[in-house]
2 protein chains.
Amino acid sequence: MTEPIKFYFDFSSPYGYLMSEKIDALAAQHDRKVQWRPILLGVVFQATGSAPLTLQNPAKAAYSLVDFERSARFMGVPYNPPSRFPLPTQNAARTYYWLHGQDCALARQFAHAVYRAYFVDDRDISAPETVLEIAAGLGVDRDGLEGALQSPEIKARLRNECDEALAVGVFGSPHVIVDGEPFFGADRLPQIAEWLATGGF
Amino acid sequence: MTEPIKFYFDFSSPYGYLMSEKIDALAAQHDRKVQWRPILLGVVFQATGSAPLTLQNPAKAAYSLVDFERSARFMGVPYNPPSRFPLPTQNAARTYYWLHGQDCALARQFAHAVYRAYFVDDRDISAPETVLEIAAGLGVDRDGLEGALQSPEIKARLRNECDEALAVGVFGSPHVIVDGEPFFGADRLPQIAEWLATGGF
């Protein structure tokens, strides 16, 4: 039995979104499962002394906006540039882990729905209300989730996930680990495919 | 007549080296020429407030070393991690422009030779002596080049090239521009191929 592929991402990361639309199908072709692990880039950037692409120098920021859209077209993934970017994503990430404790498949559905709400429908996924609506649309009990989002347990869970991600060398999103080998960026998908096909190259 | 593809790079950039081994053949498949433009990342990083990958946070630096080698294997390009990295490359870049003023093809041969000396043979390409030897190996008059390297004209030429690169939005290496469309990184080669094949997507 092989270990699942680890997929670390932030719900506000465009390249994380592109990866999210591809990684499961690729893994399935090689009879592999994927563990999705939302994290907070704010925490990661603070720990590593980094910053979002669009808040780096103006030339890189301008290029990033071009590259997000072009990479989405190249990968055949629907993408509309969000009007608010980046956004804090702790509500979405906490919801993910709360759902994951009950139903893995539902948590995965929720993650796709959040990413598409942000990068296709331009919704403000930082707002608790948006997250609650998205979850309710998947049949999740709204009151139960609203309470859970404030619980110390779920806050601690997300903090721990961020700490664990940092401990295994995550410095950005998406960060994929296949049998110990790290791949950073949606543009590493062809290398991940080759790695899965050959067992390493 | 279409405009040449612009290829900006630093001789100390591993991803620039990977691009240098692929871009001409790709362009030729589409009847396109490539203008090679060595620049100094030191100047670019100072102007944009950035830093080399391996001098950024430890997690990213460690990953970069893994990714340089894996990307080279993935692209089928010989690569040995240089023992000194990064290096200042003004002598190599000035030599390139001096040669380019006399013989474009020779300048291209020299650029390949410098990159391979650094990323295959682990030579110290920052040293004037190494650059002179590499050029002499291609039949270049050593004394002529030694004098030229100190000339105000060739120093000004490289400064101007760096300024022009910054003016068109270059913030790293490699940076390729196809008909006004910017592509950053050796990993954008598949997108460049698609762009050349389709005229934009």
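The values are calculated or read from the model by the stated rules, or taken from the named source; none is laboratory data. These figures come from a predicted structure and were not determined experimentally. Positions of Cβ are backbone-derived with ideal geometry, glycine not excepted, and every protein chain shown enters the neighbour counts. Keep in mind that these areas ignore ligands, DNA and RNA; they rest on the heavy atoms of the full protein, side chains included. Shrake-Rupley method; radii C 1.70, N 1.55, O 1.52, S 1.80 Å.
Do any helices (runs of 4 or more DSSP H) lying entirely in segment B:1-69 carry at least 2 residues that are open to solvent by less than 10 Å² (accessible area, probe 1.4 Å) and modelled with pLDDT of 95 or more, and which ones are they?
On the way: elements: B:14-20, B:23-29, B:41-48.
Here the list reads B:14-20, B:23-29.
Does A:ASP143 satisfy the criteria of being acidic (Asp, Glu) and either within 30 Å of B:PHE68 (Cα to Cα) or within 14 Å of chain B (Cβ to nearest Cβ) (or both)?
Working: acidic (Asp, Glu): yes; either within 30 Å of B:PHE68 (Cα to Cα) or within 14 Å of chain B (Cβ to nearest Cβ) (or both): no.
For A:ASP143, the condition - acidic (Asp, Glu) and either within 30 Å of B:PHE68 (Cα to Cα) or within 14 Å of chain B (Cβ to nearest Cβ) (or both) - is not met.
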- Selection from segment B:165-186 of residues that are facing chain A (nearest Cβ under 10 Å) and of a type in the set (Asp, Glu): B:GLU181
- Filter pass, A:PRO81 being open to solvent by 10 Å² or more (accessible area, probe 1.4 Å) and within 23 Å of B:GLY185 (Cβ to Cβ): yes
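Any idea which of B:ALA111, B:ALA105 is touching a residue at least 12 places away in the same chain (Cβ under 8 Å) and under 16 Å from the mean Cα position of the chain (by Cα)?
None of the others qualify; the one that does is B:ALA111.
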- Assuming B:ALA107 fulfils every condition listed in (1) open to solvent by 20 Å² or more (accessible area, probe 1.4 Å); (2) at pLDDT 95 or above apart from one, which condition is it? (1)
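Being out of contact with any Gly (no Cβ under 9 Å at 6 or more places or on another chain) and open to solvent by 30 Å² or more (accessible area, probe 1.4 Å) is true for just one of B:LEU138, B:LEU99. Which residue is that?
On the way: B:LEU99 fails: open to solvent by 30 Å² or more (accessible area, probe 1.4 Å).
Among B:LEU138, B:LEU99, only B:LEU138 is out of contact with any Gly (no Cβ under 9 Å at 6 or more places or on another chain) and open to solvent by 30 Å² or more (accessible area, probe 1.4 Å).
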- Task: Run B:LEU189 past the list (1) more than 13 Å from chain A (Cβ to nearest Cβ); (2) surrounded by 15 or more Cβ atoms within 10 Å (Cβ to Cβ); (3) within 15 Å of B:PHE9 (Cα to Cα) and report the number of the one that doesn't hold.
- Result: (1)
- Query: Is there a residue in segment B:154-164 that is more than 14 Å from chain A (Cβ to nearest Cβ), of a type in the set (A, V, I, L, M, F, W, C), without any contact (Cβ under 8 Å) to a residue 12 or more places away in the chain and open to solvent by 10 Å² or more (accessible area, probe 1.4 Å)?
  - Reply: yes
- Query: If you go through segment B:165-180 one residue at a time, how many are loosely packed, with under 15 Cβ neighbours inside 10 Å and not aliphatic (A, V, I, L, M)?
  - Reply: 2
- Note on the structure: Note: among B:ALA197, B:ALA135, just one is within 14 Å of chain A (Cβ to nearest Cβ) and assigned to a helix (DSSP H, G or I), namely B:ALA197
- Qualifying residues in segment A:35-67 (those that are polar (S, T, N, Q) and over 15 Å from B:PHE183 (Cβ atoms)) - the one farthest from the other protein chains (Cβ to nearest Cβ): A:GLN35
